[in-house]
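Everything on this sheet refers to the single structure shown next.
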């Protein structure tokens, strides 16, 4: 009968909770984990009766059942926040607390209950300032025969705090200073024992951890004033004399330099050279303060012209800001972003202390230019021409009539393949000239300039050149090469063209064929460019390429170091293949790193389905959002257990996972994913 009553009570409780929440977002009950942090607060009356009050505790529980450990019947269902009374004889008991979750999962813990009618003895009290939370004091208490304790922290208006013996209780004071702290330990006896101490409460006045590490960025996408992550503007003065009362200092935390401005009324930074931030989109800064201080930041251009942004700070933690530069120019249209030569900070209110790191301008990562794909002459007059100097096509320029006449030539494509091969695709006809054995006009392609020969290409972005290797391979007109024009010179085995990347889809190219003869072409993409992710990637073979921490840039919770890279070699050779057709594949080989949640021992082993690369998958890259979404059950980047909802096995296997990506350059990519709330897994990938 008791079992029936228990089942019915829990069912009614579940129905009640569901009825109250059915208008909210739908929750998948199967995704709810078992209750955690399960225990019971134990309080006994001090009258030698053994009357004990038990209050079960636990996160995610909808009901509790207590087995008292003395042979008596278990409790009825105890709802969260409620208690049960029980009378114990003097002795030691192993009490069990079972916490039931909404979906039927439960957690059971065992807790020792010492009931003694003897007064507590040998009281030991440890009082300490918390090392990470400002003005928090922690008190730990132990005593023979005691069951619980009470702490009066001595702050006016505060209530005493209780805890089970051997536990720790904490209290955050409003102000620093010396307080009288009184600790009293209780057993089931009438008498108790107390301890009093005059204790000095202190505040944490500077950050204990460095600011979040900024993401890797291309040098073209950032202008840094103060950061260890980037190249800073040289000879910048961070403490110019503007008649301010502010003090200046630099401290080092975790090998990161940090500016400290104390007694801040106002403070300037004089850049070593004016910064042209007109192509940037944001200014970033990380600020830490101990107290309820705010500040203002103002970029300043010549004039002077400035505009301020109010920095609302959170005490005792780093606050990060990405401020749109448009905010400043909207406030003051005269502010010239192309000529920023100073920054100014104002205290709000004056007199506080702030710590500053990672002050820089940035823009969304540029997509690295990708030559791969099909190109053709632009369908516009002047896209083909020749003259005595670059920009001069006075000798010949293909106008509108010429384009109509040479339509068979304007549909030719030049194909740069991702594997470095090159092809002239001319179709059934192209423009043939007399030196090729016919008359000027449309006709069948003539070897070797017919695309039949094997060819490759080399693109040198720094030099601004494209070199085609292969007899008969060419851009524009086949007769023009670096030595001169056919048939007056030999057919070239390679030709180097000078190129300017106008934009992602447009190239200006020329070749000086001999001395003072400049053939010039404007090429446009004939099809959409391939995704910059297209190709095969893997984790970088270096310490820190895999890690997790409380924010991006921090991998303090786990950092795969050099020894870890060696131990997990079977994991570091896994590849992630982004196909040209939008497909995605995990190539794991015969073994990868397998973890306990996958059903085996942690170590190298055979891949476990569905995280073995066997299922079909696709990817979607969103440059504007800086994300890549992997679609397919079991498809992933980095670690298989990490999803947007949390970590396996505590969440279901995901059908799709979205990662944040930053393309550092064409061959390096930084990836992170927040798995649940506040756990950031981070990966560094390199292209193979």
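None of the figures in this text is laboratory data; all of them are computed from the coordinates on show. Bear in mind the structure is a predicted one, so any value in this text is a computation, not a measurement. Cβ placement follows ideal geometry from the backbone for every residue including glycine, while neighbour counts extend to all protein chains displayed.
Above 22 angstrom, tally the Cα pairs of the range 116-248 and express them as a % of all pairs, no decimals. Intermediate values should be presented prior to the final figure.
On the way: 5082 of 8778 pairs.
It works out to 58 percent of all Cα pairs.
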Crossing angle, helix 2-21 versus the chain [Cα axis fit, 0-90 degrees, rounded to tens]: 50
Given an 8 Å cut-off on Cα distances and at least 6 residues of separation, report the relative contact order of the chain as a percent. 7
For the range 500-565, shape from the Cα gyration tensor axes a ≥ b ≥ c, cut at a/c of 1.5 then a/b versus b/c, turns out prolate
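Give the order of 184, 168 when sorted by the count of other beta carbons within 10 angstrom, beginning with the fewest.
168, 184
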Neighbour-count order for 510, 93, fewest beta carbons within 10 angstrom listed first: 93, 510
From the C-alpha gyration tensor of the range 535-687, square roots of 5λ in Å: 20, 19, 17
Estimated [θ] at 222 nm from DSSP helical runs (n ≥ 4, -39500 (n - 2.57)) normalised by residues in the chain, nearest 500: -2000 deg cm²/dmol
From the convex hull of the Cα coordinates of the chain, what is the mean projected area in square nanometres? 43.3
Report, largest value first, the span of the C-alpha coordinates of the range 373-525 along each principal axis, in whole Å. 39, 32, 29
So how do 340-353, 271-284, 196-209 stack up, highest first, on mean other-Cβ count within 10 Å? 340-353, 271-284, 196-209
Cα-projected label distance for residue 515 with residue 461, points at 7 Å along beta-carbon direction, nm: 3.7
Checking the a/c ratio against 1.5 first, then a/b against b/c, what shape does the Cα gyration tensor give for the range 26-172? oblate
Over 28 Å, how big is the tail of the calculated P(r) for the range 219-362, in percent of all Cα pairs? 11
What is the fewest-to-most order of 491, 555, 77 by other Cβ atoms lying within 10 Å of their Cβ? 491, 77, 555
